[in-house]
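Please treat every number below as a calculation from the coordinates, not as lab data. Note that this is a predicted model, so its numbers are computed, not measured. A quick note on method: Cβ atoms are made from the backbone with ideal geometry, for glycine too, and the neighbour counts reach across all protein chains shown.
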Amino acid sequence: MIEFAPDQPRWRQVAEVMRARIADGTYPPRTRVPSVLQLQAEFGIAAATGQKVHRALRTEGLIYTEPGLGSFVSDQPPPAP
């Protein structure tokens, strides 16, 4: 678990951890990322918070979801701004 900063929403803080893990290769392209339930267990967050994390990463093009299979790291994440 991480120590959450009180001045930012938890979903943003967890999304930042996931972005860093994707960037550093912890989750290479085409590999499965933790499910919402796994994020709940690892970070001690609510299901809705985990869903916001996944939604943000999908919106940014970092992950994609295959119904019934899970969410995976995109082949080519977008370049950093």
Label-point separation in nm, Ala41 to Asp24, each point 7 Å along Cα→Cβ: 2.2 nm
Helix axis angle, 10-23 relative to the chain longest principal axis, alpha carbon, degrees: 30 degrees
Cα lying deepest toward the dipole's positive end in the chain, options His54, Ala23, Gln13, charges on Cβ: His54
Helical mean residue ellipticity (222 nm; -39500 (n - 2.57) per DSSP H run of 4+; nearest 500) of the chain: -13500 deg cm²/dmol
Length-normalised contact order of region 10-73 in % [C-alpha pairs under 8 Å, at least 6 apart]: 41 percent
Cα coordinate range in the chain, projected on the principal axes (Å, largest first): 33, 32, 20
Acute angle (nearest 10 degrees) that the helix 47-59 long axis makes with the longest principal axis of the chain, alpha-carbon atoms: 40 degrees
5 angstrom amide H check on Val33, placed H, neighbours 5+ away: Ser71, Phe72, Val73
Dipole magnitude of the chain, debye to nearest 20 (Cβ charges: Lys/Arg +1, Asp/Glu -1, about Cα centre): 180 debye
In sequence order, calculated HN-Hα J values of region 31-46 (Karplus, 6.51, -1.76, 1.60; Hz; x Gly/Pro): 9, 6, 9, x, 6, 4, 4, 5, 5, 4, 5, 6, 9, x, 10, 7
Distance in nm between pseudo-label sites at Asp75 and Asp7 (7 Å out along the Cβ direction from Cα): 4.2 nm
